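Undergrad: Structure in C-alpha cells, see below.
FYI, it's all coordinate maths here, none of it is from the lab. This structure is a prediction, so every number in the text was calculated from the model and none was measured. Here the Cβ positions follow ideal geometry from the backbone for every residue, glycine too, while neighbour counts run over all protein chains shown.
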Amino acid sequence: MKTVLFLCTGNYYRSRFAEYLFNKIASKQGLSWVSDSRGLALERGVYNIGAISKYAIAGLAERGVSLDLDIRYPIAVTESDFVTAIRIIALDEREHHPLMIERFPKWVDNIEYWQIHDVDKTAPEEALQKIADNIQELIGELGK
C-alpha cells in the first residue's frame, strides 16, 4: 500500500479528519492507498482535549465515518514519516510552511500545501468541507 501523510499543527483536527475520511473513501473505491496523519507542533495544542477534535468527530459522522472507541492520541511527525510516505500534504501553507522550514527544512520542497485554515480563521463546517472536496479530487487523481 502507498501512503499519503496529512500534516497539521497538532494532529488533532484537520489532519485527523483528512486521514479518516481519505481511508474510508479509498477503501470503498479499492485504491491501493492509505493515509496517516501527524502533527508538526503538538506543543501548540495546549487546549486540545482528548484524542481528536469534536469538530472532526462530528464532520466524520456526518459523512458516515465511524471511529473506534480506543482512538489514538495525536502523534508528532518524525523524519521516518517523511521517508515512508509517497505523498505528503500539509493542510495550511501559511501555517505549516514556516514550521517545515524550522523543523524539517530538507523536506520543505516535498510537501504539497492545501489552504485549509484552523478554527480561529475558518468555521469548522467550511474547513471540513474544503478538506472533503480536496480529498475527493486527490482520490480521483490517485485512482487514475
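Undergrad: Residue 43 to residue 80: extension gain in nm, 0.36 nm per residue of separation minus the Cα-Cα distance?
TA: This chain segment gains 11.3 nm when fully extended.
Undergrad: Also, quick follow-up: Using amide H atoms built in the peptide plane, which far-off residues or other-chain residues are under 5 Å from residue 92 H to H?
TA: 114, 116
Undergrad: Whose amide H sits under 5 Å from the amide H of residue 35, counting only residues 5 or more places off or on another chain, with H placed in the peptide plane?
TA: Amide H to amide H, under 5 Å and 5 or more residues apart or across chains, residue 35 pairs with 4, 23.
Undergrad: Report the calculated FRET efficiency for residue 68 and residue 3 (r = Cβ-Cβ distance, R0 = 22 Å), to the nearest 0.05.
TA: Once the sixth-power term is evaluated, E becomes 0.70.
Undergrad: For the stretch 24-79, just say rounded, prolate or oblate: build the C-alpha gyration tensor, square-root its eigenvalues into a ≥ b ≥ c, call rounded for a/c under 1.5, and beyond that prolate if a/b exceeds b/c, oblate if not.
TA: Oblate, since a/c reaches 1.5 and b/c is not below a/b.
Undergrad: Let me check against my output: what whole-number percent is the relative contact order of the stretch 2-142, with C-alpha pairs under 8 Å and at least 6 apart?
TA: 30
Undergrad: I would also like to ask the following. Which residue, chosen from 124, 134, 8, occupies the Cα position most advanced towards the positive end of the dipole of the chain, where the dipole is computed from +1 (Lys, Arg) and -1 (Asp, Glu) charges on Cβ about the Cα centre?
TA: Toward the positive end, the furthest listed residue is 134.
Undergrad: Now a separate question. Which chymotrypsin sites (Phe, Trp or Tyr not before Pro) does the stretch 40-144 hold that lie in a coil by DSSP with at most 14 other beta carbons within 10 Å?
TA: Here the sparse-neighbourhood loop sites are 47.
Undergrad: Among (1) 107; (2) 115; (3) 198, only one was calculated for this model; which label is it, if the read-out is volume of the Cα convex hull per residue in Å³?
TA: Of the listed options (1) 107; (2) 115; (3) 198, (1) comes from this structure.
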